[in-house]
Amino acid sequence: MSNAKPPEDASQDIAADLAALREDFANLTASVSALLHAEASAKADTVLGAVERARQKISETAAEAKDRAATAAPDLEAAIERNPLTAVLVAMAAGFLFGMLSRSRT
């Protein structure tokens with residue numbers, strides 16, 4: 001006895017198997033896509049959190065520097081009034097140094 005199926009039945013079985021394979025592939029594609037989307041969303045949240053923390057730290061540092069400059073300004077003015085010649089010499093030295101550093105080296 002032969003277990004051979006008629007060609008019509010075998011063709012239908014192959015068509016059903018192909019349809020099931022297509023459905024499985026579509027489900028797998030959807031699952032991978034959802035996983036990638038979730039992973040990308042989590043990474044984006046991590047990056048945005050880091051950027052926000054960095055922005056906040058920069059803002060705090062800028063505010064601290066502004067406060068320091070505001071408190072140092074009266075002291076600097078008083079030092080210039082007490083020693084004007086020294087202030088002029090320091091300014092000249094700083095200008096000279098800046099000029100030397102910014103000069104082209106060709």
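None of the figures in this text is laboratory data; all of them are computed from the coordinates on show. This structure is a prediction, so every number in the text was calculated from the model and none was measured. Cβ placement follows ideal geometry from the backbone for every residue including glycine, while neighbour counts extend to all protein chains displayed.
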Q: Could you please give the count of residues in region 60-94 that are surrounded by 11 or more Cβ atoms within 10 Å (Cβ to Cβ) and of a type in the set (Lys, Arg)?
A: 0
Q) Among all residue pairs at least 6 apart or on different chains, which show Cβ distances below 8 Å where the first residue, located in region 84-96, is under 19 Å from Ala73 (Cα atoms) and the second is not basic (Lys, Arg)? A) Ala87/Ala79; Ala87/Ile80
